[in-house]
1. Could you please find all residues in the stretch 121-151 being more than 19 Å from L62 (Cβ to Cβ), polar (S, T, N, Q) and outside any loop (DSSP other than H, G, I, E, B)?
2. Given the criteria crowded, with 19+ Cβ neighbours inside 10 Å, of a type outside the set (V, I, T), at pLDDT 95 or above and out of contact with any strand residue (DSSP E or B) (no Cβ under 8 Å at 6 or more places or on another chain), does H109 qualify?
3. Any idea which of Q152, Q94 is crowded, with 17+ Cβ neighbours inside 10 Å and of a type in the set (S, T, N, Q)?
4. Against the definition (free of Cβ contacts under 8 Å to residues at least 24 places away in the same chain, more than 19 Å from I162 (Cα to Cα) and surrounded by fewer than 22 Cβ atoms within 10 Å (Cβ to Cβ)), how does S114 come out, yes or no?
5. I want to confirm something. Restricting to the stretch 87-111 and keeping residues that are of a type in the set (S, T, Y) and in contact (Cβ under 8 Å) with a residue 40 or more places away in the chain, which single residue is nearest to D71 (Cα to Cα)?
6. Out of all the residues in the stretch 91-104, is one or more out of contact with any His (no Cβ under 6 Å at 6 or more places or on another chain), closer than 29 Å to I162 by Cβ, part of a helix (DSSP H, G or I) and at pLDDT 90 or above?
7. Filter the stretch 258-285 for residues that are of a type in the set (V, I, T) and either touching a strand residue (DSSP E or B) at 6+ places or on another chain (Cβ under 9 Å) or under 17 Å from V101 (Cα atoms) (or both) and give the result.
8. Tell me which of these D227 doesn't satisfy, since it passes every other one: (1) in a helix (DSSP H, G or I); (2) free of Cβ contacts under 8 Å to residues at least 40 places away in the same chain; (3) over 30 Å from D174 (Cα atoms).
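The values are calculated or read from the model by the stated rules, or taken from the named source; none is laboratory data. Since the structure is predicted, the reported quantities are computational estimates derived from the model, not experimental observations. Here the Cβ positions follow ideal geometry from the backbone for every residue, glycine too, while neighbour counts run over all protein chains shown.
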Amino acid sequence: MVKLSSSNIQLISENSSAADRSIKKDEKERRYEQLFPPYHPCKPYVIHFINSLTTEEELKILCNVIKCTTDFIFDTESDIHSHVPALIQILLVQQHSEHSVILLIETTHLPDISSSRFPEIQNLFYHLFRSGTNLYSWGSLKDELTRFEIYQLYSLSIPSRIFDVQRLFTRWFDECIHIKSDDKDNTINYDDSIIIHAPALDPELFLPPEMMNRLKVMNNQLWSLQDAIAYLFYKYLSKRDTLRSWSIGLDKRLSSRNKNYSLNYRKRLIQYASYDCLSLMEIILFLEENYLSNLHDNDLHIQSLGEYFFI
């Protein structure tokens, strides 16, 4: 009979738990894909890669656009194998533009720090993080940016206002559910009541809104971006590509790209990275229409953005 040490037992248990989580994640992806039409952004978008191929002229043009913009949505990705921070996604929120502008900064494919282009990239971040700008993310942006300090692109002493939309959404959903519950108890019907687009019941993986909210509150859990898109817009935002080889070089022009990966694989990752920012923008605009505009100034700061408001 083979005796296992406590460390071996712990390792087996951890591997088993990881395998269980992976199976449940795959089941959830399949179920959401069956239940909902795929998410697509509400307007077209243009991607600008920032890497060793980006010219000084391109960087200066982008810098001028950033100077005229005050609201930015951030996300980041790390490589599944090396765990190296590999990508910073930035959506420039320009309400009156015909298309959205997304920057994909490939931090493992940047020009050398001694290059004349490197200060121009640093200058982008200087203006992104200037006083008066608003930075939005799903989760703690400072935690994500800390991992990228190794690239010397910016200082974490950021004067911008930073907002965690994930926490705001979690708060809004809980309040919304209680309002709906009170309305039912009082048999009051408001014409402008919020409708959460979710199936009544799917006991396997998709819970009704009240049950899902109760589960989140009981377990002190924040909402995932995928769940928020499903419950708000009845759309499936794929998260299959969360853990991927993000350092391969997404820009097909890069000579330093990993040539073992296909063009289709790169296109898939580019779409995933873009959709995470674009879907978050739609959540923010939804919250403004249904929640933020009703808040008092002393409750949450509201920053005007044309006809919309961001907190």
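1. S137, T146
2. On the way: crowded, with 19+ Cβ neighbours inside 10 Å: yes; of a type outside the set (V, I, T): yes; at pLDDT 95 or above: yes; out of contact with any strand residue (DSSP E or B) (no Cβ under 8 Å at 6 or more places or on another chain): yes.
Against the criterion (crowded, with 19+ Cβ neighbours inside 10 Å, of a type outside the set (V, I, T), at pLDDT 95 or above and out of contact with any strand residue (DSSP E or B) (no Cβ under 8 Å at 6 or more places or on another chain)), H109 qualifies.
3. Numbers: Q152 fails: crowded, with 17+ Cβ neighbours inside 10 Å.
Only one candidate qualifies: Q94.
4. Numbers: free of Cβ contacts under 8 Å to residues at least 24 places away in the same chain: yes; more than 19 Å from I162 (Cα to Cα): yes; surrounded by fewer than 22 Cβ atoms within 10 Å (Cβ to Cβ): yes.
In short, yes.
5. Filtering the stretch 87-111 down to residues of a type in the set (S, T, Y) leaves 97, 100, 107-108.
Checking the rest, the ones that are also in contact (Cβ under 8 Å) with a residue 40 or more places away in the chain come to 100, 107-108.
Working: S100: 12, T107: 22, T108: 26 Å.
Filtering the stretch 87-111 for residues that are of a type in the set (S, T, Y) and in contact (Cβ under 8 Å) with a residue 40 or more places away in the chain, the one nearest to D71 (Cα to Cα) comes out as S100.
6. We begin by selecting, within the stretch 91-104, every residue out of contact with any His (no Cβ under 6 Å at 6 or more places or on another chain); these are 91-102, 104.
Filter once more, keeping what is closer than 29 Å to I162 by Cβ: 91-102, 104.
If we keep only those that are part of a helix (DSSP H, G or I) too, we end up with none.
So far as the stretch 91-104 goes, no, none of its residues is out of contact with any His (no Cβ under 6 Å at 6 or more places or on another chain), closer than 29 Å to I162 by Cβ, part of a helix (DSSP H, G or I) and at pLDDT 90 or above.
7. First, pick out the residues of the stretch 258-285 that are of a type in the set (V, I, T): 270, 283-284.
Those that are of a type in the set (V, I, T) and either touching a strand residue (DSSP E or B) at 6+ places or on another chain (Cβ under 9 Å) or under 17 Å from V101 (Cα atoms) (or both): I270, I284.
8. (3)
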